[in-house]
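As structure tokens, the structure follows; a few thoughts come after it.
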Amino acid sequence: MQIFDTHAHIGLIHSDPIEQLRVVQEARRASVTRILSICNSLHDFAIVYETLQVSSSVYHAIGVSPSEVTAPGKDWIQTIEKGLSLPNVVAVGETGLDYCKKYGDKRSQIELFITQLDIASKAKVPVVIHNREAGKDVLDILAERIPDQGGIMHCYSEDAEYARLALDLPVYFSFAGNLTYRSARNLHETVLTLPLDRILVESESPFMPPAVYRNKRNKPANTVKTVEFMAELLDMDMEELAAQLWKNSCTIFNIPE
């Protein structure tokens, strides 16, 4: 069995390079044999990429999250464009909108989001989408600007009706450890509603651990528990589900299975 963790903030799990490599090795022992490393800032990307480029099992996304909207960095557009030419950099992100924390103002967040969608379109790569209490604006913007290569609604938190609307776009829906929480009925319903070929799984580490690890620092190896729960929810064999999720992940990131 092979599992693809499509969203892990490895730089936030540990700052020490040796520990970051250990996180990847531990994940491989747990059958999480590929990871998409996500950055919040371009500074974070540069440091983590340098550490993990020795690992063929780690892919990368480069982008500026809503939390960095007031200080994306000098020449940030050129930095993203240059980063997309590096080996194993396969997506722009994470980027999107976050109206919960009120980073900057809405207009600035929207401009940052749209610019990165356009960068992804030009580079012909997908975009990793952050959506927190901004569902309508995210969907409206994607309807106009989503890259042909599509995107990933990461750590999906909306309901099944929102997913049905989003299915008209070339997007995948990625579920994190909060899927395993008993209270997450909206997520359970959504998984049961979605086509199987549009679903992904992620750790969102060091956040959103599966219920069995709740209140602990999350890590990519724990993604196995989310797949296990999803298989039970769908009444599927776990290895069969993992194989489909793996195929979906490779498809959206345009990498060999």
Does the stretch 202-242 hold any residues that are of a type in the set (Asp, Glu), open to solvent by 10 Å² or more (accessible area, probe 1.4 Å) and at negative phi, and which are they? Glu228, Glu232, Asp237, Glu239, Glu240
Can you name the number of the only condition in (1) out of contact with any Gly (no Cβ under 9 Å at 6 or more places or on another chain); (2) more than 23 Å from Cys39 (Cβ to Cβ); (3) touching a residue at least 12 places away in the same chain (Cβ under 8 Å) that Pro210 fails? (1)
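Residue by residue, here is whether (1) charged (D, E, K, R); (2) at pLDDT below 95; (3) surrounded by fewer than 19 Cβ atoms within 10 Å (Cβ to Cβ); (4) in contact with a Ser or Thr (Cβ under 8 Å, 6 or more places away or on another chain) holds:
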residue: Leu97; (1), (2), (3), (4): no, no, no, no
residue: Gln109; (1), (2), (3), (4): no, no, no, no
residue: Asn131; (1), (2), (3), (4): no, no, no, yes
residue: Glu144; (1), (2), (3), (4): yes, no, yes, no
residue: Glu161; (1), (2), (3), (4): yes, no, yes, no
residue: Thr180; (1), (2), (3), (4): no, no, no, yes
residue: Leu192; (1), (2), (3), (4): no, no, yes, no
residue: Leu200; (1), (2), (3), (4): no, no, no, yes
Of those in the stretch 112-127 that are in contact with an Asp or Glu (Cβ under 9 Å, 6 or more places away or on another chain) and within 17 Å of Thr251 (Cα to Cα), the residue most open to solvent (accessible area, probe 1.4 Å) is Lys124
Which residues, taken from the stretch 56-76, are over 19 Å from the mean Cα position of the chain (by Cα) and open to solvent by less than 60 Å² (accessible area, probe 1.4 Å)? Pro72, Gly73, Trp76
Only one of Ser174, Ser203 is under 15 Å from His9 (Cβ atoms), assigned to a strand (DSSP E or B) and not hydrophobic (A, V, I, L, M, F, W, C). Can you tell me which? Ser174
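Right, Asp137: part of a helix (DSSP H, G or I), in contact with a Leu (Cβ under 9 Å, 6 or more places away or on another chain) and at pLDDT 95 or above or not? Working first, answer last.
Numbers: part of a helix (DSSP H, G or I): yes; in contact with a Leu (Cβ under 9 Å, 6 or more places away or on another chain): yes; at pLDDT 95 or above: yes.
Considered against the rule, which asks whether it is part of a helix (DSSP H, G or I), in contact with a Leu (Cβ under 9 Å, 6 or more places away or on another chain) and at pLDDT 95 or above, Asp137 comes out as yes.
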Residue set Thr70, Thr33, Thr6, Thr51; condition in contact (Cβ under 8 Å) with a residue 12 or more places away in the chain and either under 13 Å from Glu94 (Cβ atoms) or of a type in the set (Gly, Ala, Ser) (or both); output residue Thr6
In the stretch 30-85, the residues that are closer than 18 Å to Ala176 by Cβ and either in a loop (DSSP other than H, G, I, E, B) or not aliphatic (A, V, I, L, M) (or both): Ala30, Ser31, Arg34, Ser37, Ile38, Cys39, Asn40, Tyr59, Ser65, Pro66, Ser67
Of the residues that sit in the stretch 14-37 and are buried (at least 20 other Cβ atoms within 10 Å of the Cβ) and out of contact with any Phe, Trp or Tyr (no Cβ under 9 Å at 6 or more places or on another chain), which one is farthest from Lys74 (Cα to Cα)? Ala27
State whether one or more residues within the stretch 119-130 are under 27 Å from Lys102 (Cα atoms), part of a helix (DSSP H, G or I) and under 13 Å from the mean Cα position of the chain (by Cα). no
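State whether one or more residues within the stretch 4-11 are more than 30 Å from Arg107 (Cα to Cα) and surrounded by fewer than 16 Cβ atoms within 10 Å (Cβ to Cβ).
Taking the stretch 4-11 first, the residues more than 30 Å from Arg107 (Cα to Cα) are 4-5.
Filter once more, so that each one left must be surrounded by fewer than 16 Cβ atoms within 10 Å (Cβ to Cβ): none.
Looking for residues that are more than 30 Å from Arg107 (Cα to Cα) and surrounded by fewer than 16 Cβ atoms within 10 Å (Cβ to Cβ), one finds none in the stretch 4-11, hence no.
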For a quick check of your reading of the model, give me the residue pairs whose first member lies in the stretch 105-124 and is within 18 Å of His60 (Cβ to Cβ) and among the β-branched types (Val, Ile, Thr), whose second is in a helix (DSSP H, G or I) and open to solvent by less than 10 Å² (accessible area, probe 1.4 Å), with beta-carbon atoms closer than 6 Å and at least 6 apart or on different chains. Ile119/Ile80
Among residues of the stretch 146-159 being free of Cβ contacts under 8 Å to residues at least 60 places away in the same chain and part of a loop (DSSP other than H, G, I, E, B), the residue surrounded by the most Cβ atoms within 10 Å (Cβ to Cβ) is Tyr156
Taking Leu196, is it open to solvent by less than 20 Å² (accessible area, probe 1.4 Å) and modelled with pLDDT of 95 or more? no
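The values are calculated or read from the model by the stated rules, or taken from the named source; none is laboratory data. Worth saying up front: this structure is predicted, and the values here are computed from it rather than measured. In this analysis, Cβ positions are derived from the backbone assuming ideal geometry, glycine residues included, and neighbour counts consider all displayed protein chains. Calculation scope for accessible area: heavy atoms of the full protein, side chains included, ligands and nucleic acids excluded. Shrake-Rupley method; radii C 1.70, N 1.55, O 1.52, S 1.80 Å.
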